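Since the structure comes first, as structure tokens, the remarks are kept for the end.
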Amino acid sequence: MGVRYIGSKARVADAIVDLAGPSRGGRFVDAFCGTGSVASAAASRGWAITVNDTLPSAVAMSVGATVGRGNVSFAPLGGYSAAVRALNAVPGSPGFVHSQYSPASTATGEVERRYFTEENAARLDAMRARIGQWVTAGYLTKVEQELLIADLLQAANKVANISGTYGCFLKAWSPAALRPVLVRERLLPPRTTDLDAVVGDVTLLQTTTNDTVYFDPPYTKRQYSAYYHLLETLHAGDSPQVGGVTGLRPWKDKASDFCYKSRALGALTQLVLGTTARQILLSYSNEGHVPRDYLINALSEAGTVTVHEIQTIGRYRPNARASANADTVDEYVIEIQPVRMDPEVPKAHRYRGSVVHTA
Ligand SMILES: C[S@@+](CC[C@H](N)C(=O)[O-])C[C@H]1O[C@@H](n2cnc3c(N)ncnc32)[C@H](O)[C@@H]1O
């Protein structure tokens with residue numbers, strides 16, 4: 001996977017896809033895709049895939065995690081390997097990442113940011129600019145572009161001087177951060193994935209009664225748009241106004257309702273009741289904002305509800321204190337077999353039942 005991601009389901013992806021069973025003509029919709037670990041497991045079992053996330057960087061990572069050899073050719077660049085080699089050969093050229101996220105930041109502000117060494121930051125700038133030039137020249141399809149950016153995000157993550165997220169950088173340089181950044185070609189599976197990739201709010205995603213829809217919403221107050229701001233900037237290749245010690249780009253327009261304790265239950269309930277699908281799988285955690293019983297009670301409005309314990313898994317925690325407090329988290333998946341609704345009734349009118357609020 002390459003990017004440590006809060007709430008990643010990489011370790012339990014197969015168990016989750018087991019619940020979906022074999023593909024029966026519909027799509028497997030990973031509607032909060034993050035790194036795409038669950039979509040990747042479903043794609044390897046032959047499902048047609050839809051990935052969706054509010055963060056373009058997450059959708060790129062998910063495209064990278066699900067494509068097969070048949071999805072990309074990189075013909076104008078001489079193939080995928082040649083494209084990666086060409087990227088690694090680009091000499092460093094200081095740009096926005098260098099000016100804001102390496103020690104060079106002291107030239108424009110008071111904070112010395114140590115996310116990347118100056119050399120690596122300049123190379124990341126140059127490689128991102130080169131991908132942009134290839135896009136402008138018409139050398140890359142959209143899928144090829146997203147795959148290369150996903151490879152660049154993985155490369156950046158390997159040399160980022162952080163303890164997991166981009167919520168802060170380390171004061172002292174870690175040994176990994178001092179190594180030269182290197183883009184690695186990933187081993188693509190020998191298939192052509194039927195893939196739709198969507199950047200957008202989950203509430204806008206269209207699904208059908210044939211689909212299996214997987215929801216893996218945030219369940220704590222940690223906002224992904226803030227914690228992974230630098231992946232967003234690398235993906236966009238833009239130069240936003242950034243501020244504070246950490247150099248945060250504007251992120252509040254991507255703030256998620258699911259991260260607010262007061263809104264989470266209402267948002268989850270409306271989401272499930274408003275979703276057209278053959279089967280809905282919702283991952284949640286005993287550490288989440290909404291107690292399990294409240295969730296089950298509210299979701300029973302939507303259809304037949306079954307709770308699957310996914311096992312107590314070790315999982316990535318964003319800081320040392322969190323790791324010391326607990327090493328594991330109880331994940332479960334709520335499976336909902338929706339009550340069939342009249343397809344003629346507009347989606348907005350299908351919401352039935354009351355929302356139970358937490359105290
Ligand atoms: C728990 S993570 C998903 C992890 C993923 N299953 C994996 O294995 O990497 C939640 C994801 O939901 C996204 N997200 C949060 N609110 C959203 C919304 N309203 N619509 C779409 N995506 C959202 C976040 O950007 C984040 O990538």
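List every residue pair whose Cβ atoms lie under 7 Å apart, where the two residues are 6 or more positions apart in sequence or sit on different chains, the first residue falls within the stretch 50-69 and is more than 12 Å from Val143 (Cβ to Cβ) and within 10 Å of the ligand (Cβ to nearest atom), and the second residue, located anywhere, is modelled with pLDDT under 95 and aliphatic (A, V, I, L, M).
Final answer for the pair search is Met61/Val3.
Taking the stretch 177-205 as the region of interest, how many residues are free of Cβ contacts under 8 Å to residues at least 24 places away in the same chain and more than 12 Å from the ligand (Cβ to nearest atom)? Lay out the reasoning, then the answer.
Initially, the stretch 177-205 is screened for residues free of Cβ contacts under 8 Å to residues at least 24 places away in the same chain, giving 179, 187, 204.
Narrowing further to those that are more than 12 Å from the ligand (Cβ to nearest atom): 179, 187.
Residues in the stretch 177-205 being free of Cβ contacts under 8 Å to residues at least 24 places away in the same chain and more than 12 Å from the ligand (Cβ to nearest atom): 2 in total.
Listed here are the residues, each with its yes/no results for (1) β-branched (Val, Ile, Thr); (2) touching a Phe, Trp or Tyr at 6+ places or on another chain (Cβ under 8 Å); (3) assigned to a helix (DSSP H, G or I); (4) in the same structural domain as Gln241 (by TED's automatic domain parsing).
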{"site": "Ser93", "(1), (2), (3), (4)": "no, no, no, yes"}
{"site": "Ser99", "(1), (2), (3), (4)": "no, no, yes, yes"}
{"site": "Ser105", "(1), (2), (3), (4)": "no, no, yes, yes"}
{"site": "Tyr115", "(1), (2), (3), (4)": "no, yes, no, yes"}
{"site": "Ile131", "(1), (2), (3), (4)": "yes, no, yes, yes"}
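Would you call Arg11 at pLDDT below 95, within 16 Å of the ligand (Cβ to nearest atom) and either touching a Pro at 6+ places or on another chain (Cβ under 8 Å) or farther than 27 Å from Trp134 by Cβ (or both)? Working first, answer last.
Details: at pLDDT below 95: yes; within 16 Å of the ligand (Cβ to nearest atom): yes; either touching a Pro at 6+ places or on another chain (Cβ under 8 Å) or farther than 27 Å from Trp134 by Cβ (or both): yes.
Spelling it out, Arg11 is indeed at pLDDT below 95, within 16 Å of the ligand (Cβ to nearest atom) and either touching a Pro at 6+ places or on another chain (Cβ under 8 Å) or farther than 27 Å from Trp134 by Cβ (or both).
Determine whether the stretch 228-236 contains at least one residue that is surrounded by fewer than 18 Cβ atoms within 10 Å (Cβ to Cβ) and within 13 Å of the ligand (Cβ to nearest atom). It would help to see each step written out before you state the result.
Initial filter on the stretch 228-236 (surrounded by fewer than 18 Cβ atoms within 10 Å (Cβ to Cβ)): 236.
Those still in the list that are within 13 Å of the ligand (Cβ to nearest atom) too: none.
No, the stretch 228-236 contains no residue that is surrounded by fewer than 18 Cβ atoms within 10 Å (Cβ to Cβ) and within 13 Å of the ligand (Cβ to nearest atom).
Within the stretch 32-41, is even one residue out of contact with any Lys or Arg (no Cβ under 7 Å at 6 or more places or on another chain) and surrounded by fewer than 20 Cβ atoms within 10 Å (Cβ to Cβ)? Break it down into steps so the answer makes sense when it comes.
We begin by selecting, within the stretch 32-41, every residue out of contact with any Lys or Arg (no Cβ under 7 Å at 6 or more places or on another chain); these are 32-36, 39-41.
If we keep only those that are surrounded by fewer than 20 Cβ atoms within 10 Å (Cβ to Cβ) too, we end up with none.
No, every residue in the stretch 32-41 fails to be out of contact with any Lys or Arg (no Cβ under 7 Å at 6 or more places or on another chain) and surrounded by fewer than 20 Cβ atoms within 10 Å (Cβ to Cβ).
This table checks each residue for (1) closer than 28 Å to Leu170 by Cβ; (2) under 26 Å from the mean Cα position of the chain (by Cα).
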{"site": "Gly109", "(1), (2)": "yes, no"}
{"site": "Arg113", "(1), (2)": "yes, yes"}
{"site": "Glu118", "(1), (2)": "yes, no"}
{"site": "Ala126", "(1), (2)": "yes, yes"}
{"site": "Ala129", "(1), (2)": "yes, yes"}
{"site": "Gly138", "(1), (2)": "no, no"}
{"site": "Lys142", "(1), (2)": "no, yes"}
{"site": "Leu147", "(1), (2)": "no, yes"}
{"site": "Leu153", "(1), (2)": "yes, yes"}
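Quick one: what pairs do we get from the stretch 148-160, first residue more than 14 Å from Tyr228 (Cα to Cα), second outside any loop (DSSP other than H, G, I, E, B), C-beta under 6 Å, 6+ apart or different chains?
Pairs found: Leu148/Ile131; Ile149/Ala60; Ile149/His235; Leu152/Met127; Val159/Asn120; Val159/Ala177.
Of everything in the stretch 151-178 that's in a helix (DSSP H, G or I) and out of contact with any Ser or Thr (no Cβ under 8 Å at 6 or more places or on another chain), which residue is surrounded by the most Cβ atoms within 10 Å (Cβ to Cβ)? Working first, answer last.
The initial filter retains those residues of the stretch 151-178 that are in a helix (DSSP H, G or I), namely 151-159, 176-178.
Among the residues that remain, those that are also out of contact with any Ser or Thr (no Cβ under 8 Å at 6 or more places or on another chain) are: 151-152, 154-158, 176.
On the way: Asp151: 24, Leu152: 25, Gln154: 19, Ala155: 23, Ala156: 27, Asn157: 23, Lys158: 17, Ala176: 12.
My answer is Ala156.
Hey, among the residues in the stretch 14-49 that are in a helix (DSSP H, G or I) and acidic (Asp, Glu), which one's nearest to the ligand (Cβ to nearest atom)?
Initially, the stretch 14-49 is screened for residues in a helix (DSSP H, G or I), giving 14-20, 37-44.
Retained after the next criterion (residues that are acidic (Asp, Glu)): 14, 18.
Working: Asp14: 12, Asp18: 15 Å.
Per the stated criteria, the residue is Asp14.
The values are calculated or read from the model by the stated rules, or taken from the named source; none is laboratory data. Just so we're clear, the structure is a prediction, and the values are computed from it rather than from any experiment. Note: ideal-geometry Cβ built from the backbone for every residue, glycine included; neighbour counts use all protein chains shown.
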